Amino acid sequence: MRRERDAVGAARDARRLDDVRRLARWLDAAFVIPGTGIRVGLDPLLGLLPGLGDLAGSLLGAWIVVVAHRLGAPPAVLVRMGLNLAIDSVVGAVPVLGDLFDVAWRANLRNAALLDAWSAAPARAGRSSALVVAGVLAAVLAVTAAVVFAGWHVVAWATGEMHSR
């Protein structure tokens, strides 16, 4: 009975890892720019939408961290994944240059690789990692929200929509 449960759990974990790889590929390397060989994904394309695009990309990338937690990845792996997302959010929010950075940084593929490396030699984490995941995700979302807020104000200022009060 236990062996059957372990086999079912292993199959479920393998499907989750495949889902993570697939999402990371869609976000970071789904399409080839014709004539260049450079691969881009939905993340840099979403980043072209001011504010909300970066937020959507961060939320999709955060799902990979949630899956890593559910699979039992240790806090060190989860923190590295969160840092990759935070860097992607902060630098990616800079208009145009941030989108070029997104093409090169590929935070989601980095995070999928971290999860793959850990899953090849897992050491199950305890309940304490739930607090680490919550903290990392809260920090990533806070940084993303701050960058979106700042970007919104910069655009408003640049277009003359902000009036001095």
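The values are calculated or read from the model by the stated rules, or taken from the named source; none is laboratory data. Remember, predicted model here, so these are calculated numbers, not experimental data. Cβ placement follows ideal geometry from the backbone for every residue including glycine, while neighbour counts extend to all protein chains displayed.
Assess whether Val32 counts as being in contact with a strand residue (DSSP E or B) (Cβ under 6 Å, 6 or more places away or on another chain) and within 29 Å of Val155 (Cβ to Cβ).
Judged against the criteria, Val32 is not a match.
Among the residues of the stretch 104-125, how many are surrounded by fewer than 18 Cβ atoms within 10 Å (Cβ to Cβ) and modelled with pLDDT of 85 or more?
The qualifying residues number 5.
Which one of these is acidic (Asp, Glu) and either under 19 Å from Gly135 (Cα atoms) or within 16 Å of the chain's Cα centre (by Cα) (or both): Asp6, Asp13, Asp88?
Asp88
So, in the stretch 30-53, exactly how many residues are among the hydrophobic types (A, V, I, L, M, F, W, C), within 21 Å of Val90 (Cβ to Cβ) and in contact (Cβ under 8 Å) with a residue 60 or more places away in the chain?
2
Give me the pairs: first residue in the stretch 154-165 and assigned to a helix (DSSP H, G or I), second residue at pLDDT 60 or above and surrounded by 12 or more Cβ atoms within 10 Å (Cβ to Cβ), beta-carbon distance under 8 Å, and six or more apart or on different chains, which are they?
Listed by first residue and then by second, the contacts come to Val155/Pro50; Ala156/Met162.
Taking Ala93, is it within 26 Å of Leu48 (Cα to Cα), modelled with pLDDT of 95 or more and more than 11 Å from the chain's Cα centre (by Cα)?
no
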